[in-house]
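Written below as structure tokens is the structure these notes are about.
The values are calculated or read from the model by the stated rules, or taken from the named source; none is laboratory data. This structure is a prediction, so every number in the text was calculated from the model and none was measured. Here the Cβ positions follow ideal geometry from the backbone for every residue, glycine too, while neighbour counts run over all protein chains shown. Areas reflect the complete protein model, heavy atoms only, side chains present, ligands, DNA and RNA absent. Shrake-Rupley method; radii C 1.70, N 1.55, O 1.52, S 1.80 Å.
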Amino acid sequence: MTVPDTGSSLDPTIQHPTRLALVAFLSGCAEADFKTVRERLQMSDSALSKTVAALETAEYVSVRKGYVGKRPRTWLALTFDGRRRLAAHLTALQSIADQARAQAQD
């Protein structure tokens, strides 16, 4: 059996399921507040904070802090580069799935 050639298209930064879930969620909106992301992804504050920090360092996610009334809020957004890298990663995953399907038919 031949192993599919993934090339260098898979993005190691978002290969981890938690990071991939976060960038995928953010790809569907302009920005989202931290609480909404935490609830939708069913993550703890600390796990989400670590994930956001890693993606912010890699420039996939931008973080904006502000206030709603007197309450502090944090908003997360996928950067243009983050969107581009997610699209390339998903294309690579689709290619792997297509190759696996083709091999299964042989």
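Annotations
- Within region 52-106, tally of residues that are of a type in the set (Asp, Glu) and over 24 Å from THR13 (Cα atoms): 1
- Selection status of ARG19, over 10 Å from the mean Cα position of the chain (by Cα), open to solvent by 40 Å² or more (accessible area, probe 1.4 Å), modelled with pLDDT of 95 or more and charged (D, E, K, R): no
- Residue match in region 87-97 (condition: assigned to a strand (DSSP E or B), open to solvent by 50 Å² or more (accessible area, probe 1.4 Å) and over 18 Å from LEU26 (Cβ atoms)): no
- Selection count where residues are in a helix (DSSP H, G or I), within 13 Å of the chain's Cα centre (by Cα) and without any contact (Cβ under 8 Å) to a residue 40 or more places away in the chain, scope region 51-65: 4
- Flag for LYS35 being in a helix (DSSP H, G or I) and within 27 Å of THR91 (Cα to Cα): no
- Residue list for region 14-32, filter: assigned to a loop (DSSP other than H, G, I, E, B), in contact with a helix residue (DSSP H, G or I) (Cβ under 7 Å, 6 or more places away or on another chain) and of a type outside the set (A, V, I, L, M): SER27
- Pairs meeting the criteria (first residue in region 80-106 and in contact (Cβ under 8 Å) with a residue 12 or more places away in the chain, second residue of a type in the set (Gly, Ala, Ser) and surrounded by 15 or more Cβ atoms within 10 Å (Cβ to Cβ), beta carbons under 8 Å, at least 6 apart or on different chains) are LEU86/ALA24.
- When the residues of region 55-72 are filtered to those that are surrounded by 11 or more Cβ atoms within 10 Å (Cβ to Cβ) and in contact with a Lys or Arg (Cβ under 7 Å, 6 or more places away or on another chain), the one that is nearest to HIS16 (Cα to Cα) is LEU55.
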